[in-house]
Amino acid sequence: MKKTILINLFVFLYVTSAIAQINLFPTPSKTSGGKGTYTIGKKAVFEAQGEYERKLVETFTAELSKLDLTNPAAAGNVKLTLDPGLQIKPEGYILHVTLNGVTLEASTPAGLFYAKEALLQLARFNKGTLPVCKIEDHPRYSWRGFMLDESRHFFGKEKVKQYLDIMASLRMNVFHWHLTDEPGWRIEIKRYPKLTTIGATGNYHDPNAPASFYTQEEIKEIVAYAADRHIMIIPEFDMPGHATAVCRAYPEVSGGGEGRWEHFTFHPCKETTYEFINNILDELVQLFPAPYIHIGGDEVHYGNQSWFTDPEIQQFIKDKKLTNEVGLEHYFIRRVTDMVFAKGKKIAGWDEIVDAGVSPSKAIVLWWRHDRKYQLLKALEQGFDVVMCPRRPFYSDFVQYGEHKIGRYWGGYNTIEEVYRFPDPVNYLTQGYEEQVKGIQMCMWTERVGDGKRLDYMVFPRLAAVAEVGWTLEKRKECSVFMQKLPLFLQYLDTKNIYYFNPFAPRERLEPAEPAKVEEDVLQNG
Ligand code: TNX
């Protein structure tokens, strides 16, 4: 009770104070407000010595020219300094607005980039009339991620770039790209053309939808676009399960499966399967400079029925002394991990890989099964680095409002407030393992998301809360303050024509429909 009164008082004082104009997404580590303002406009003059500083000036000028400013003709002085000798943490920065000008300082390019993004937000929210202030900022976690599933439905290059822009503004730095799964394979592999001629056709709602995928040229373009924004892209090649699209294109590597899960897995014993995977990995490591390749590893039991009956597989289990089918799954994961490691990268994998006997020096674990907290603990105890993306509250295919009909529920759903409060209530589990907890991630699975409009609705504005969980120090987080400033973020989304859910007027915008299942429609109509 006392705490609630104190928080309310704090919120009241906050919104009526000078610091209120210093709204940033995410909230910085330290903000001090002064008296007065300093105006910048399209005639701003920049002091920038090095090559990277000058590159940032170019992008900043272009972005500033698009803002709605009170005094667009204003000048103003902005000085950018990138100096590795400065005592500023790797992704940190100092942004100082005085009555005489603005300075941005950092010891790394990423830090200076974030200083630029912070200044851009200040200019946007205050129409160029910046409050005098000093912001000293650095992130809580080094992995601030967003995952997009483009296998179930494909959204394309422009949507991805738009999301990368918004992620950069929110100081998020990992884009996990789920490019392969049951309905479609979405990346050109030169050595295996049928992956895209056959594997890329169809989506979750329509098995006959025309092939959609990224060419290698497009991948390179998007990777470079992300790198310019200090975002690393980690591709996911899901295996040994969720491999249906691959097996459709190349049935010789299929491991069987039954009914709905037919051809769900790779064949786990054939040497040719491992050669096939190794050849694909060769192309992936060329395309993605990030230090990880995500190899999936999830939900194999859905479709490994034939592993129990196929004599060749059963013999293999005996010969290799693998105990049972789960032992075989772990054997598969260890082999693929070693392939990736031999190419100079670590694997990322879903939390099933914790049991596979993979060395923690070769892998990072994404903890997703919120109902298996012990799996998080086991990963930490075994020495794995971990990214936390539990379904509750970080899966954005869960609904966000009680009246919504489309999307997942599991003992509740994922409101923006619940997203914001994470890692509460699981923070007790990670105590003592802080070094191994690399960060957090939102995962956007798209079985029930058929187009960009519905995608936007599920991602926004929850992504702003995810960003703050990833960046803002625990002592600076306060949900009610976040909700107070959220309308500014919604206005920013308006300028980008994003159709978001509005938590302040939840019935105002209708939930965009899920696409109809083409197969079922045909059955019903026929
Ligand atoms: C579980 S998360 C999956 C995905 C689904 C998702 C739907 C994970 C590793 N596997 O294949 O799309 O649930 O929420």
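Consider LEU328 carefully, then state whether it is touching a residue at least 40 places away in the same chain (Cβ under 8 Å), over 30 Å from THR201 (Cα atoms) and not in a strand (DSSP E or B). Answer is yes for this residue. Among the residues of segment 467-492, the one identified as buried (at least 22 other Cβ atoms within 10 Å of the Cβ) and either charged (D, E, K, R) or within 16 Å of the ligand (Cβ to nearest atom) (or both) is GLU468. If the condition is being more than 14 Å from the ligand (Cβ to nearest atom) and of a type in the set (S, T, N, Q), then segment 363-395 contributes only GLN382.
Filtered by the rule that a residue be of a type in the set (Val, Ile, Thr), more than 14 Å from the ligand (Cβ to nearest atom) and open to solvent by less than 30 Å² (accessible area, probe 1.4 Å), segment 235-283 gives VAL246, VAL253, THR273, ILE277, ILE280.
Within segment 311-322, count every residue that is surrounded by fewer than 17 Cβ atoms within 10 Å (Cβ to Cβ) and either touching a His at 6+ places or on another chain (Cβ under 9 Å) or in a helix (DSSP H, G or I) (or both). So that I can check it myself, show each step before the final result.
Taking segment 311-322 as the starting set, the residues that turn out to be surrounded by fewer than 17 Cβ atoms within 10 Å (Cβ to Cβ) are 311-312, 314-315, 318-321.
Next cut, either touching a His at 6+ places or on another chain (Cβ under 9 Å) or in a helix (DSSP H, G or I) (or both) only: 311-312, 314-315, 318-319.
Looking only at that region, the number is 6.
Does segment 474-491 contain at least one residue that is closer than 20 Å to ARG392 by Cβ and not assigned by TED's automatic domain parsing to the domain that holds PHE422? No; the residues of segment 474-491 include none that is closer than 20 Å to ARG392 by Cβ and not assigned by TED's automatic domain parsing to the domain that holds PHE422. Would you be able to say whether some residue in segment 275-294 is among the hydrophobic types (A, V, I, L, M, F, W, C), assigned by TED's automatic domain parsing to the domain that holds PRO207 and at pLDDT below 95? No, every residue in segment 275-294 fails to be among the hydrophobic types (A, V, I, L, M, F, W, C), assigned by TED's automatic domain parsing to the domain that holds PRO207 and at pLDDT below 95.
Residues that are under 24 Å from ILE166 (Cβ atoms) and open to solvent by less than 60 Å² (accessible area, probe 1.4 Å) number at least 2 in the following strands (runs of 3 or more DSSP E) confined to segment 22-115: 77-82, 93-98, 101-106. The residues in segment 285-310 that are open to solvent by 30 Å² or more (accessible area, probe 1.4 Å) and farther than 30 Å from SER142 by Cα can be counted, and the count is 6. Inside segment 442-466, can you point out the residues that are open to solvent by 30 Å² or more (accessible area, probe 1.4 Å) and away from the ligand (no atom under 16 Å from the Cβ)? Selection gives ASP451, LYS453.
In summary, MET339 fulfils each of the numbered conditions (1) more than 23 Å from ILE233 (Cβ to Cβ); (2) in contact with a Leu (Cβ under 7 Å, 6 or more places away or on another chain); (3) open to solvent by 20 Å² or more (accessible area, probe 1.4 Å) with the single exception of condition (1).
For the subset of segment 342-351 comprising residues that are among the hydrophobic types (A, V, I, L, M, F, W, C) and surrounded by 17 or more Cβ atoms within 10 Å (Cβ to Cβ), which member is farthest from the ligand (Cβ to nearest atom)? Among residues in segment 342-351 that are among the hydrophobic types (A, V, I, L, M, F, W, C) and surrounded by 17 or more Cβ atoms within 10 Å (Cβ to Cβ), the one farthest from the ligand (Cβ to nearest atom) is ILE347. May I ask you to verify whether LYS127 is open to solvent by 30 Å² or more (accessible area, probe 1.4 Å) and in a loop (DSSP other than H, G, I, E, B)? When the stated conditions are applied, LYS127 passes them. Within segment 136-156, residues that are closer than 18 Å to ALA245 by Cα reach no partner that is basic (Lys, Arg) and open to solvent by 30 Å² or more (accessible area, probe 1.4 Å) with beta carbons closer than 8 Å at six or more positions or on different chains. Name the single residue, out of those in segment 396-418 being within 15 Å of the ligand (Cβ to nearest atom) and among the small types (Gly, Ala, Ser), that is surrounded by the most Cβ atoms within 10 Å (Cβ to Cβ). Filtering first and then ranking leaves SER396.
Whenever a residue of segment 105-117 is more than 17 Å from PHE46 (Cβ to Cβ), its partners that are of a type in the set (Gly, Ala, Ser), lying with C-beta atoms within less than 7 angstrom and at least six residues away or across chains, give the pairs GLY111/GLY92.
For segment 286-310, which positions are within 19 Å of LYS345 (Cβ to Cβ), within 16 Å of the ligand (Cβ to nearest atom) and not in a loop (DSSP other than H, G, I, E, B)? Give the derivation first.
Keep residues of segment 286-310 that are within 19 Å of LYS345 (Cβ to Cβ), which gives 286-297.
Then keep just the ones that are within 16 Å of the ligand (Cβ to nearest atom); that gives 292-297.
TYR292, ILE293, HIS294, ILE295, GLY296 - these are the residues of segment 286-310 that are within 19 Å of LYS345 (Cβ to Cβ), within 16 Å of the ligand (Cβ to nearest atom) and not in a loop (DSSP other than H, G, I, E, B).
The values are calculated or read from the model by the stated rules, or taken from the named source; none is laboratory data. Please read these numbers as outputs of a predicted model, since none were measured by experiment. No Cβ is skipped: glycine too gets one built from the backbone with ideal geometry, and neighbour counts run over all protein chains shown. Protein only, heavy atoms only, side chains kept; ligands, DNA and RNA dropped before computing areas. Shrake-Rupley method; radii C 1.70, N 1.55, O 1.52, S 1.80 Å.
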